[in-house]
Structures are given as C-alpha cells and as structure tokens.
Amino acid sequence: MDPEMDRKMDPAMKDRYSRQVLFKEIGAEGQQKLAQARVVIAGCGATGSALASLLARSGVGMLRILDRDYVEPSNLQRQTLFDENDARESVPKAIAAARQIARFNSEIVVEPHVADLIPANVDSLLGGCDLILDGTDNFETRYLINDYAVKNSVAWIYAAAVGSYALTMNIVPGETACLACMFPQSPRGTVETCETSGILNTAVNLVASIAATEALKFLVGARSKMRRTLLSLDCWTNERAELAAGSLQRRAGCRTCSGDFVHLAGEGRPHITLCGRNSVQIHERERPVNFDEMSIRLKPHGNVRHNEFVLKFWREPYEMTLFPDGRAIIKGTTDTAIARSLYARYVGS
Ligand SMILES: [Zn+2]
C-alpha cells in the first residue's frame, strides 16, 4: 500500500475494506475513490437489490436508490434486501433498501426516493452522480436513462434478467455504442417477461455481479478493463454470447447518438401497466394525499390501512396502493380505464 494513502485512511475504514484493498487493482487509492463516488440505482427490485447490496458493502460513498414500488411476498424469492416484515407492511422498496443497508454499512450515505422515473423528474433523480445502474424492469425507462446519459455524457450500465437468462452492457458515452444503437426498437413482444417465464434468483445475482464489477472498474478509474460488448449468459443452458459494442459499433442513424432525445422529450405517462403483475399505475403529480383524511373517507367503501409511506385500500376484486404524492398502483386489472375510474371515484378526478 502507498504509505501516504495508508496514513490517510482511517483505521476503521482500513479494517472494514481490508480484503478489497488487498486486491491490488483496487488498493487504498481505489478504495478512497469508491468512498467519494456517487451512484444511482434506478429501480430496486431483484437486480437493483443485488447491485445496491454489493456496492454498499464495497464502500461506494453515496447510493441514490430509486423505486416506485412496495415490497410484496412474491419478491422475497430474489429481492435480497427485503424481508417478510417489509412485505407485511408494504414498505416502499427504496425505503426498505435504505433501512437494510444501514444495518450492514452505516458509514455510507443512502438516498432513497419513492418515485417513478419519468421525463419530468429525470434531471433531479439522475443528476449529480458519477454512474447510473439499471435495476429497472422495462425498456421505456431504460431508453429514458439512455437519453439522459448520452445527452449529459454520464456512463450507465444496462442489466436485465429473465428466466435463467442475463443480459448486460456498459454504455460509456463517447467510448461505446448506446442502448438505442444496439436495440433501436424496444424488444417488447419478442422478449419474455418475468410474468411469463419466471426468474431464477441466480440469474439476477449473476447479472448484478457482472454489472457491479464493471461499476467498480469504472469508479476506481480502470476504464480500459471495462467490457465493450453486449454480453448474454444463460446460467441454465450455459449458453453465452457476446456482441461487440465499442464505439465502432455505434449505429449510423441512431436517434439518441445524433442528439434526438425523444424519450427525454416524452410527455409524462399517466397510466402504466406494471411488468409482471396484474396492475396499473396511475401517475398523479399534483395531488398530495393526507392519509388520515383519506382513511376516514375510504372506510365506508372497503378495508383501509396505512403507514407513513403507503395507504392500502381493498375493494374486491381490486387493491389500491396510494403514495403520499397521489400516485397509485391498482391491482386486479390491466385495464387502464377501470383503474382510472376507480381512482377518480375514491381518490379524486
Ligand atoms: Zn446510439
């Protein structure tokens, strides 16, 4: 270890990260860089949980965790930052993640945001960070991140897992192709989802391990060691493929690379059907909800329960989860018209 760096590092930090500092590609200097790094985890489901856990334990100084959803029992098979109590209490994933991380690394800063990443909030939620990691479950949000990253020259790492299959790519603006170079159209329809194919927690942890390692390389300044391919691995069939994704593979006519940021310019999307669930999200941005008052109002119409983060309202066959900013997730339908009318009737039009 560099003797000067050795003196600078405080003893507790030296001990906590000693095994990682011994790994000479990181060393004390790399560890200091990690302590100063700021990383966004966009989406904290299975992949996001694994990414956040690995980077928090590695000592990344600040993690901003974004997620729009709350913990449910079916998440526990693969979403490693959550427990049964989180599912019972419907704790928002970003909050549950921050609480769990504080139990194993209280020395880093975790900034949880219970929010849906949309064009209107992309600057505030992704701004001011060194790297963005993909924990999302949909291409709409990934294209939005890609537009933001290319426009602002911020690196991001695409990561996806479904079934036993994992897919990942590093996007370093100026040095590699972008997501839209490789996938000009969202592969929706041709690609399976967690709902139809299920998912192995091992595929999730595989893709998260690869993406988190690439993140460490980026953050300690080992950029020449970063992979410049779109990598796919199937941990059940052991099939593996790599597609070159360096700057030479930048696609002529890629809208994003030519500065046409259609996803950033997109209008807010008021109704979204969530992946992997029989539910619709209503995105209301201008309707702060007082949970105490709302509970009294809803009581005659069904069962209602709330904590400081979410209010749940059951009216057969639907279940509505309301967030303090007025956003709602309505379970029991994929029909946006039904969801909209339930919201209008019980919350407001
Ligand atoms: Zn491109």
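Every read-out reported here was derived from the displayed coordinates using simple, explicitly stated rules and does not represent laboratory data. Not measured: the values here are computed from a predicted model. As a convention, Cβ positions derive from the backbone with ideal geometry for all residues, glycine included, and neighbour counts pool all protein chains shown.
For the chain, the number of Lys pairs separated by eight or more positions or lying on different chains, with C-alpha atoms closer than 22 Å, is 16. Taken over the chain, the percentage of Cα pairs per 10 Å bin, counting from 0 up to the bin with the maximum distance, is 5, 24, 32, 24, 11, 3, 0. Under a 5 Å amide H cut-off, with hydrogens placed 1.01 Å from N, residue 71 pairs with 91, 93 among residues at least 5 apart or on other chains. Using the average count of surrounding beta-carbon atoms within 10 Å as a protection proxy, the listed peptides 201-208, 229-236 rank, highest first, as 201-208, 229-236. Taking every DSSP beta bridge that has both residues in the chain, what percent is antiparallel when rounded to the nearest 5? Of those bridges, close to 65 percent are antiparallel. At 7 Å along the Cα-to-beta-carbon direction for both residue 123 and residue 308, put a label point, then send me their distance in nm to one decimal. Result for the modelled spin labels: 3.1 nm. Kirkwood radius, segment 1-108, all distinct C-alpha pairs, inverse of mean reciprocal distance: 14.7 Å. Qualifying trypsin sites (Lys or Arg not before Pro) in segment 115-204, where qualification requires a DSSP coil assignment and no more than 10 other C-beta atoms within 10 Å, are lacking entirely.
Tell me, what is the percent relative contact order of segment 216-263, built from C-alpha pairs under 8 Å that lie six or more residues apart? Mind showing how you got there, number by number?
On the way: 29 pairs, mean separation 11.0, N = 48.
After rounding, I find 23 percent.
Among 325-332, 220-227, 41-48, 92-99, how do they line up by average Cβ neighbours within 10 Å per residue, starting with the highest?
Details: 325-332: 20.4, 220-227: 14.0, 41-48: 28.2, 92-99: 24.5.
In decreasing order of mean packing, 325-332, 220-227, 41-48, 92-99 become 41-48, 92-99, 325-332, 220-227.
Which shape class, rounded, prolate or oblate, goes with segment 105-244 when its Cα gyration tensor gives a ≥ b ≥ c as root eigenvalues, a/c under 1.5 marks rounded, and past that a/b bigger than b/c marks prolate? Each step should come with its number before you reach the end.
Numbers: a/c = 1.34, a/b = 1.26, b/c = 1.06.
Verdict is rounded for segment 105-244.
To the nearest µm²/s, what D does Stokes-Einstein give for segment 282-349 at 10 °C and 1.306 mPa s, using the Kirkwood radius over alpha carbon pairs as Rh? Don't skip to the end; give the middle numbers.
On the way: Rh = 11.8 Å.
Value of D from the Cα-based Kirkwood radius: 135 µm²/s.
Could you calculate the contour length gain from residue 243 to residue 23, that is, 0.36 nm times the residue separation minus the distance between their Cα atoms, to one decimal place in nm? Could you put the intermediate results ahead of the total?
Values: separation 220, 0.36 × 220 = 79.20 nm, distance 2.93 nm.
This chain segment gains 76.3 nm when fully extended.
Would you mind putting 128-136, 173-181 in packing order, based on average other-beta-carbon counts within 10 Å, highest first? Write out the running numbers ahead of the final one.
Working: 128-136: 23.0, 173-181: 20.3.
Per-residue Cβ counts within 10 Å, averaged per peptide and sorted highest first, yield 128-136, 173-181.
Only Cα pairs under 8 Å and at least 6 apart count here; give the relative contact order of the chain as a rounded whole percent. Don't jump to the answer; show the numbers that get you there.
On the way: 671 pairs, mean separation 48.1, N = 349.
Reported relative contact order: 14 percent.
The label-point distance for residue 278 and residue 301, in a model that sets each label 7 Å from Cα toward Cβ, rounds to 2.1 nm.
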